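Only one structure is covered here, and it is reproduced in the block below.
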Amino acid sequence: MALLKNIVHEQIVRLKDLVSVTPGQIVSKTLVQNKSVSVTLFAFAQGEEISSHDSEGDALVTVFEGVGRFTINGTDHILKEGESIVMPATLPHAIQAVEDCKWMLTVVF
């Protein structure tokens, strides 16, 4: 049984191509979800957001395309293609697409 889902095995893939920006929506695709780790790809249309919340695990964000505002404990961080940031466990965080944005979230519990 494969531990990774929603992704072809034994083929080269571009992770940013596995999700598509859809106007007015947030699109997500889960690659791994278990008690230790969660890996999800996101595509946010410009202006879409997830309001402030927290997580039980440390969350690593990696932006593949576009620009996103990642607010951690009240401080805004603007991330662009190729940039990453860690959102520490239990700290409130929120996400907003400054422009169409594709990114990967890896949460380690």
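For this structure, a couple of remarks:
- Gain in span if fully extended, residue 85 to residue 58, counting 0.36 nm per residue against the direct Cα distance: 8.7 nm
- Within the straight-line cut-off of under 20 Å between alpha carbons, the lysines reachable from residue 29 are 5, 16, 102, sequence neighbours fewer than 8 places apart in one chain being disregarded.
- Excluding ligands, DNA and RNA, the accessible surface per residue across the chain is 59 Å² with a 1.4 Å probe.
- For residue 83, the accessible area of its heavy atoms, probed at 1.4 Å with every protein chain present, is near 80 square angstrom.
- Residue order by solvent-accessible surface for 12, 50 is 12, 50, largest first, with ligands and nucleic acids left out and a 1.4 Å probe.
- The tail of the calculated P(r) for the chain, taken as Cα-Cα distances beyond 23 Å, holds 24 percent of the pairs.
- Computed from backbone phi with θ = phi - 60° and the Karplus coefficients 6.51, -1.76 and 1.60, the 3J(HN,Hα) list for segment 9-23 is 9, 6, 9, 6, 10, 9, 3, 5, 7, 7, 10, 10, 6, 10, x Hz; x is used for glycine and proline.
- Spin-label zone in segment 53-91 - amide nitrogen under 18 Å from a point set 7 Å from the Cα of residue 35 along the C-beta vector: 56-58
The values are calculated or read from the model by the stated rules, or taken from the named source; none is laboratory data. All values derive from a computational prediction rather than experimental measurement. Glycine gets a Cβ as well: all are built from the backbone with ideal geometry, and neighbour counts include every protein chain shown. The area values use the complete protein model at the heavy-atom level, side chains included, leaving out ligands, DNA and RNA. Shrake-Rupley method; radii C 1.70, N 1.55, O 1.52, S 1.80 Å.
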